[in-house]
1. Where residues in the stretch A:142-168 are of a type in the set (Gly, Ala, Ser) and touching a Lys or Arg at 6+ places or on another chain (Cβ under 9 Å), which of them is surrounded by the fewest Cβ atoms within 10 Å (Cβ to Cβ)?
2. Could you list, in sequence order, all residues of the stretch A:962-975 that are part of a loop (DSSP other than H, G, I, E, B) and touching a strand residue (DSSP E or B) at 6+ places or on another chain (Cβ under 8 Å)?
3. Restricting to the stretch B:81-90, give me the number of residues that are at the interface with another protein chain (Cβ under 7 Å from one of its Cβ atoms) and surrounded by fewer than 18 Cβ atoms within 10 Å (Cβ to Cβ).
4. Considering each residue of the stretch B:9-59, count those that are within 12 Å of chain A (Cβ to nearest Cβ), in a helix (DSSP H, G or I) and surrounded by 11 or more Cβ atoms within 10 Å (Cβ to Cβ), and give that number.
5. Give A:898, A:934, A:949, A:904 a once-over and let me know the one that is out of contact with any strand residue (DSSP E or B) (no Cβ under 9 Å at 6 or more places or on another chain) and under 30 Å from residue A:834 (Cα atoms).
6. Do you know which residues across the stretch A:1003-1023 are charged (D, E, K, R), over 23 Å from the mean Cα position of the chain (by Cα) and either surrounded by 19 or more Cβ atoms within 10 Å (Cβ to Cβ) or within 8 Å of chain B (Cβ to nearest Cβ) (or both)?
7. I'm checking my understanding of the structure. Among residues of the stretch B:132-142 that are within 14 Å of chain A (Cβ to nearest Cβ) and not in a loop (DSSP other than H, G, I, E, B), which one is surrounded by the most Cβ atoms within 10 Å (Cβ to Cβ)?
8. Among what's in the stretch A:601-660 and is at positive phi and modelled with pLDDT of 50 or more, pick the residue that is surrounded by the most Cβ atoms within 10 Å (Cβ to Cβ).
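The values are calculated or read from the model by the stated rules, or taken from the named source; none is laboratory data. Predicted model only: the values in this text are computed from it and were never measured. Quick reminder, even Gly has a Cβ in these numbers, built from the backbone with ideal geometry, and neighbours come from all protein chains shown.
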Amino acid sequence: MNKSESIKATRATGPKYWRSLDHLADAPEFRKWVDHEFPSGAEAVTDPVTRRNFMKLMSASFLFAGLGMSGCRRPEEKVIPFARQPLDYVHGKAKYFASAMPTRTGAIPVLVKQDDGRPTKIEGNDSHPDSNGGTNAFAQASILNLYDPDRATRFARNGDSADREAALDAIRKVADAATAKRGRGLHILADHAESPTRDRMRDRLLKQLPEARWYEYEAIDHDVHRRAATAAFGHSVKPYYKLDEAEVILTLDCDFIGSEEESTLLMSKFAKGRKIDPEHPKMSRLYSVEALFTLTGAAADHRLRLPASAVHRVAAEIAAKVLSDPHFEKPEMAAVKSALVAHGGAAGVDSGWISGCADDLKRHAGKCVVIAGQGQPEATHLIAHALNAALGNIGKTVELTPVPARKGGSLGDLVTALKSSEVDSLVILGGNPAYDAPADLDLVNAMEDAGEVIRLGYYEDETAPKQGWNIPAAHYLESWGDARTADGTLTPVQPLLAPLFGGMTQIELLARLANDAVFAPYDLVQETFSGEIGGRNENAWKRFLHDGYLADSAKPALDRVRLMADRVASAVRAASKLPVVGGNDYEVVFYPDSKVDDGRYNNNGWLQETPDPITKLTWDNAVLMSPATANKLGLDNMKGYRDGVHNKLYKESDGEVADFHDGEHNYAERGEFHPEVVELAFGGRKIQGPAWVVPGMADNVFGVALGYGRICPYPNTGGTGRVGGETGFNAYKLRGSDSLKHAVGVKVSRTGEKYQLASTQEHGTIDGRSLIREMNFDKFADKDSEYADFAKGMNMPHPPGMEELPSHGLAYQNPLDELRKNATHSWGMAIDMNSCLGCNACALACQSENNVPIVGKDQVTRGREMSWLRMDRYFSGDVNNPQMSHQVMVCQHCEAAPCENVCPVNATTHDDEGLNLMIYNRCVGTRYCSNNCPYKVRRFNYFDYNRRPLDDLYNTPANPWNRKDGEWELTRWVKDRSKGSIDDDQWDLLALVRNPSVSVRMRGVMEKCTYCIQRIEGAKIAQKVKAGASGNVEVPDGTIKTACQQACPAEAIAFGNIDDPESRVSKLKAQARDYDLLDYLATRPRTTYLGRVRNPNPDMPDYRDTPETFKEWKDHGNHLAHHGHGHGDDHGHDSDHGHDDDHGKEHGETAGKGGHH
Amino acid sequence: MSDVFPKWTNKLPLRIIIGLGVLGAAVTVGVSYYFTPKYTRVGYQPVQPVAFSHDIHAGQLGLDCRYCHTQVEKSWFSNVPATSTCMNCHNQVLKDDPKLALVRESYYQSKPIEWVQIHKLPDYVYFNHSVHVTRGVSCVECHGRVDQMDEVYHAKPFSMGFCLECHRNPEARLRPVDKVTDLKWKWNEDPKVAEQHQREFGRDKVRDWKIKSSDHCSACHR
């Protein structure tokens, strides 16, 4: 019986947990990904024509190699030292500078690594009072934006290059004209920022030019938190949620792990409250009410799925329950209560869920939090504040931080002004309103009514004026600026390099518009700082820049606040008129994308290629819908969920589906996704996008991510760049002023067209093993029960005969055991799955640190993405309402690594400290190692991803037709082999983002996670230099942080010396929850995982006795065993069959499912 | 017989002979090219823009290597000095010497001097100067007697075998840290006595300083 058959046979009862619906149904497409890691292409050159061409090319190459022998001498290289040595500069030694990445509501404090003058890596600033050193995916990827060849690189007038002086003249003219009329006719549209200096410049400008008009607009309404809190409490405040101190958390459509602007901070706090101390286990409980399946829903212990438009009704019901309790009933809340009761419930929500949740909140009064999300109307936020106030959370788990009030009109006001021709000059600061404004406003046409338009933008994008100026904006790594983080701490934004393309900052432009004498951003920021500390103080300023924050500048929270009950009551009454989606209506939820946000990261290849944590889509967005909704629409090409149709199709044609067989390409066999395109219509507007089923989404809801569907007009202006062009569809075209967050009453129709998506959800699949190990908190916390040791108890049985082998199931003495005795360190990693929230910060950090290339959508569909760190996502349980689990998958650094003994050239070997090394210069590309890797973590450079444009991957330097600028590529290649065939302007910039401590890999080379060996060796060298005669060469714990570990806001990853019992990693590994992946293979991985603990409430109607993954495992006849010997009675069944050895082995591999044969 | 061997086999012996001849020629060319010190650049001595003599500065005048290569103990890279370092002395000494015209031009016009690099490792090798010189590996081990070179040349083959020779047996080469830049230093003029000293010192140093020069790939390749 071959492996595939055996696995199929065991899955007669279905899989344990699944990555996609095809996985659940075990479709042939899916099977392909299990059996072959790289299913298509480049496997064998069987086509005779291709073969002949290959021979021709090879002989040509050899010929040239011969001719070029004399050219094989290494070229003469120059060493160019300084003429005058700058102070404190040591070539080859990285420096770190404290700065901050500004966000719409604050900033992420960062430390930026600078290698020989160029920033190369972003880290969190862990000494900042409001940061634990975590960052998010955007902060990690923002460094690539700095070196984006398609950013605005010139001052442009009417789309043509112009010089800086002319631009400054134009600004001066606008300023003079405005001054003459006290500002009348000057209209300024800005994006959101929490920068004291920008506020100061705005106020100064408006004071000097009192008739100038200021507007602010953001496509994503993160400001609703401030607005609602200000309305609810009557002071200009924004809420600061201390999730670490809360025992019960209720989120109302609030994806604080994903789409909230403060997600980095909120994640770090939430994870802190979920950390399990093995001595005194305790963790918070999360209730989530949401429409889409978000990361917050995945982390939730109880999840209620319902349309976004119905969330405020559920919130009202819960609030009414709490306020009706005599214990929480207060006379001043009477009006709110009656409004809430009148508001009524959402149809079809189990009242048990409402009361269970309300009771839990009441039990934890003062120790719970209710948060509403940016995708909810103000009313939901006000209900949440009423709940927090009634439960006594204000001042405890919810603090109200004073913030400066936002000023200015809305985008609608600006359009009105434009249409009435009041606007002599329009200045646009940042943002991209022409792209992301509500579709009904028609801003683009209105802008033509403005006199002069001056726009400060990072790209020459949709908003870049066709008539007027586009001024290049400086990246935050090129700018002086400042920001206040969520707690109000003043934080500097300091540049690491001068603007590459002469970019300008918003504060400089504002100062110039006000005709200020001082307009250098450095001086402006220092002025603000001096104002804050009450006088100029050079030392304090230096300290501020060095530390990256001003100590004790956090705004003290307001302690005496009272809920404005009347306002809340009237808002709730108004909200009852909001439309709620009914049985046959559909709702569209617009959400900021996990990769491109509102579109601002559209041209960032790292982000575009990072799979969305939920859909696993790359390079596209899609129309997300639940299985039931897809079913209702009859989208039967959504293979998998409709068992009948699905199975029939596959059985008839023996693995081939007519629908998916398009001439020469058998899509189905290649594991490609070609879903049908659907059309959504609302308010006379229409968009089309491919349908994508997400199990667990609310029914009758379509989720569409914003930020896609942009054209790339390169080399002209007016769109996104060469990376992001033509990805996805533009959901802004459907979104109107009345439906900024969600639209109710959307019409949907099928188009019959198909569109290919690149989803990695089935890539790297390891099927049918207990990879995910989860338990409920109450069971786990009972130390006497078998469940306390659930993680090791779920170990899988060894294949027969293996038990008797010496050395933990190894047939031979592992040479590493001998080496380890003399090693200074033994490196290991522990990943706490209870802390991991699946946010992808680690994946981007790895990409940035390790020079991991992007490969493009076409290569992703072939499973050739290069990311060393992949975030596996599993569903378990009911297809309509499953649980979700995440697992970070990296090289496990097995002590007995299966990859090593199959390498014919010893390109992958072990060192004494336990690292599984990959030696690129020795690798010849046989790919045996990746074939033999049970974890599927090795990535192969099928093409020269680092040196070729993505649309030119299949070309070779030896192709005589491949000429660029009249020169044969081979000629150019011989002249300069380090330079790729990427255009010069792109190459020069993109080369700057690379980490000089990590080799850039070429075509034909295998690569994988190295535990950030460059950091390990760097730390060891530093320690050895320091140690001298003392002999203290052991690197202290905590010195080395891998890139993924350092980026993780949840502190889920620990790395260090496992021979040191006091190291953090050793302590984590000593916990009962620690387990090896695929333990039964006896690979002895150095990376281990700590099982996840869910904390459901037994009083809830959707209480699950055990997590779904555990239930599935148990349903297959497994039961918990003690301490790593997972074989039990069911394994014994095998012997009844009198099988041969091979057969038995197969049983072992399929995790003791032998009982089903 | 024609049934057994088709006709084309008649030419086979000739083909084999020619084939072997070509193969032999290729091997000869390959060995004479790749297996010689020239391939590892031993003896490489390019002409430098300024005729700087290490013999005079480091040998006869006795300047310490680190007077110019200031960062060798701090970084993986041993810096070539900035022109300002030259001018520390040469604004007084030989201040009008025509051989130093380029140096003066560089200094006063802030135009760097473009030296030709001699010692270079492949990009996939991460050698670190600081950890070697601060722990007792002398410059001379890799660079030879630079203090006797009028013009610097590549003295040793920088092959992987060359590195491993020392990494596998550091005892034989470690010396007191204060003697690292003293290129002519020896334990004793008598080689036998010197060897005895070296053996004892090397053994103690490796033990006390916990020197574990790695011979695993991770030592240099990342």
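1. Result: A:161.
2. Hit for the stretch A:962-975 is A:962, nothing else.
3. Looking only at that region, the number is 1.
4. Result for the stretch B:9-59: 6.
5. A:898
6. Within the stretch A:1003-1023, A:1015, A:1017, A:1020 qualify.
7. B:132
8. So in the stretch A:601-660, the residues at positive phi come out as A:616, A:619, A:634, A:640, A:654-655.
Imposing the further condition that a residue be modelled with pLDDT of 50 or more reduces the set to A:616, A:619, A:634.
Values: A:616: 21, A:619: 24, A:634: 12.
Selected residue: A:619.
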